[in-house]
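First up is the structure itself, then whatever we jot down about it.
The values are calculated or read from the model by the stated rules, or taken from the named source; none is laboratory data. All figures in this text were calculated on a predicted structure; none of them were measured in a lab. With ideal geometry, Cβ positions are generated from the backbone for all residues, glycine too; neighbour counts draw on all protein chains shown. Heavy atoms of the whole protein, side chains included, go into the accessibility calculation; ligands, DNA and RNA do not. Shrake-Rupley method; radii C 1.70, N 1.55, O 1.52, S 1.80 Å.
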Amino acid sequence: MDRFRMIFQYFQSNSESVMNGICGLLALASVKMYTSFDFSCPCLPQYNMTYGLGIMLVPPVILFLCGLILNRQSLVMLEEWRRPQGRRKKDLAVIRYMCSSIMQRAMVAPVVWIVVTLLDGKCLICAFSGSMDPKKFVGFANVSTAQVQQLLAKVPCKDDELMRNNTSCKAVSRYLRCWSQALGWSILLILIIAAFLARWLRPCFNQATLLQARHWSNYIDIEQKIFEETCCEHSQLFAHKCILHFFESMRQEIKLHSFSLPREGERAEGEEDLLRGITDQDQVNKLLKTWYYEKPPLDVSQATQR
Amino acid sequence: MDKFRMIFQFFQSNQESFMNGICGIMALASTQMYSAFDFNCPCLPHYNLAYGLGILLVPPFILFLLGFVLNNNISMLAEEWRRPQGQRGKDPAVLRYMFCSMAQRAMIAPAVWVSVTLLDGKCITCAFCTSVPVETLGNASHPHLSQGEIQRILARIPCKEIYNGQQLIDNEVAVRYLRCISQALGWCFVLLMTMLAFLVRSLRPCFSQAAFLKSRYWSHYIDIERKLFDETCAEHARSFAKVCIQQFFEGMSMDLVAARCHLPRKAPADAGEAAEKLLGITDQGTMNMALKSWHRCKPPLHLHPPALPTGNGWAGEGQPPTHPSMPRRETAAYYSWV
């Protein structure tokens, strides 16, 4: 009974805590990826915006897809969605519940990337330095229009000779960074409020349907696991019987071809069983060769009748 | 009985210590977030106040809500609040207790952020640098400077590398002044929070202790009951799945036997457990059909009673309901290979 409880708890806790663990690991991985990524703004007028926005938006898509791929439940959900109806009705509420839980978990790492990017500020400075109004900043007010674009595009590159001691460039940088951080905190605030409202208000709508959907989605997961477990157990026994049958038929073949009488009583009973009548080098070699060249058929119906 | 006590204590201590652990982790995370966050004062007259106060107040609000979101009890509280009365009365004191205990835990991380921010001083320096008393600290009689110009100069105080108002007011003096005020505010805030916590803890037994004990007991009870219900449902789902799959395999092999018009093969008495565990599937073709049938035509969620002497393994010709009624669940739970 204790073992049953332990195994059951393993199954129960396994899928949820494994999924939450994967979700957290992906979020940490996205922070680590961002800090180790060497952001290098091209500082050219046409390329800045593409690079900046690309770094801000493409990795989140990748992380989202990774989150879907690594989640075992997405396969289970797809299978449940696409299976033929057969003798079991399909409950759309269950599929919707599974889909929303998968999406929520997959969204965490991309959101973390975007928020960290915005709070750091480099991407937005790179992307939007060329779109600044030069009149707002003292150092750029007197420069010609053609040159001002080039100068503004170089703002993210602090090591450039022109930019090193230029206070206006620092002012542009600071201004953009301030907006970037404000945007990052605002996005975080909106998402947290949404998560809070979702958790708080969910029991107000259709709690009974939610409990049912959650139970049956858990059931589908457990059923899949038990089916795989049963098939594994079955193939183990199948293989065992198949091999036993093979050894038996080998032993009979050897008996037919050799004239030596089987030695009685010289070895203990247990050893005789394990050796299965194969007792010298030639026999073993023949057995191995036959196993490779002529594997037995996948049919133990004769064996079970013995 | 001992096992029950152990399980009960595990649940009891687990929920509280788990929540306290989350609370502590969030407090640490808030200090880590603050030190990792690159504070970047805009040094422009109207933006400073917004930025400084924003960094002081928005993250604590986020942390407060996060404290609620991460607390599993919030859905329990909402559920208990919104459930229909049914046969069990609702006690508002229990709901109030649950809400207060969640709110207290959620307040810790924001308080830590605000204290750390104030003690560090960058936020207040950024937000209030334009309100520095130039008359007392600096040289207010500096001529030819309009009010707007003075504001712009003062706004650059936090950004030392572009500060150009040394004649008006020394940068070091202004920063030290603002920092001193910020740290004083920070320590007062910490003192206030600690005194509040002390008063709440020490004065609570003076007011309706009996009602408090009752609310605490019943809120723990609701939590434990919900966990046990989830556990029982999962246990049931496991038994259900096991029986369903076993019946599927049995039905499969009996179906094939009927199709081949052979007499049903009885496993010989001495075949042992192994032959039984093969579930009647003994060759590749049969196994392939079983796997195909599992995908194409899953068995209905309707377990038939075990002792059916007929050769027809499939029961329930019509569409069975996906949610079996209570009495059948009892049967399924007991008919298990464990």
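Details
- Within the range B:169-227, the set of residues being more than 29 Å from the chain's Cα centre (by Cα), in a helix (DSSP H, G or I) and of a type in the set (S, T, N, Q) comprises B:N171, B:S182, B:Q183, B:S202, B:Q209.
- Residues that are in a loop (DSSP other than H, G, I, E, B) and open to solvent by less than 50 Å² (accessible area, probe 1.4 Å) were ranked within the range A:31-44; the one that is nearest to B:F37 (Cα to Cα) is A:F39.
- B:L119 within 14 Å of chain A (Cβ to nearest Cβ), in contact (Cβ under 8 Å) with a residue 12 or more places away in the chain and farther than 30 Å from B:F229 by Cβ: no
- Scanning the range B:71-103 for residues that are polar (S, T, N, Q), more than 12 Å from chain A (Cβ to nearest Cβ) and free of Cβ contacts under 8 Å to residues at least 12 places away in the same chain yields a total of 2.
- Scanning the range B:281-303 for residues that are more than 40 Å from the chain's Cα centre (by Cα), within 7 Å of chain A (Cβ to nearest Cβ) and touching a residue at least 12 places away in the same chain (Cβ under 8 Å) yields a single hit, B:I281.
- Selection within the range A:130-164 - part of a helix (DSSP H, G or I) and either open to solvent by 50 Å² or more (accessible area, probe 1.4 Å) or farther than 18 Å from A:L176 by Cβ (or both): A:S131, A:K135, A:K136, A:V138, A:T145, A:A146, A:Q147, A:Q149, A:Q150
- Residues that are assigned to a helix (DSSP H, G or I) and open to solvent by 60 Å² or more (accessible area, probe 1.4 Å) were ranked within the range A:200-222; the one that is farthest from A:R72 (Cα to Cα) is A:L201.
- Residue ID - farthest from the other protein chains (Cβ to nearest Cβ), chosen from residues in the range A:58-96 that are within 17 Å of A:A213 (Cβ to Cβ) and outside any helix (DSSP H, G or I): A:K90
- Residue count for the range B:45-70 satisfying the condition of being more than 7 Å from chain A (Cβ to nearest Cβ) and closer than 19 Å to B:I157 by Cα: 9.
- Among the candidates A:A239, A:A194, the residue that is under 30 Å from B:R83 (Cβ atoms) and either free of Cβ contacts under 8 Å to residues at least 24 places away in the same chain or more than 7 Å from chain B (Cβ to nearest Cβ) (or both) is uniquely A:A194.
- Filter pass, A:A109 being of a type in the set (A, V, I, L, M, F, W, C), open to solvent by less than 10 Å² (accessible area, probe 1.4 Å) and closer than 30 Å to A:S15 by Cα: yes
- Each residue in the range B:157-179 was checked for being surrounded by fewer than 19 Cβ atoms within 10 Å (Cβ to Cβ), within 14 Å of another protein chain (Cβ to nearest Cβ) and either modelled with pLDDT of 90 or more or touching a Phe, Trp or Tyr at 6+ places or on another chain (Cβ under 8 Å) (or both), and 0 of them qualify.
- Failed item, numbered, when A:K122 is tested on (1) modelled with pLDDT of 90 or more; (2) over 22 Å from B:C43 (Cβ atoms): (2)
- Taken residue by residue, the range B:97-108 has at least one member that is at pLDDT 85 or above, surrounded by fewer than 19 Cβ atoms within 10 Å (Cβ to Cβ) and in a loop (DSSP other than H, G, I, E, B).
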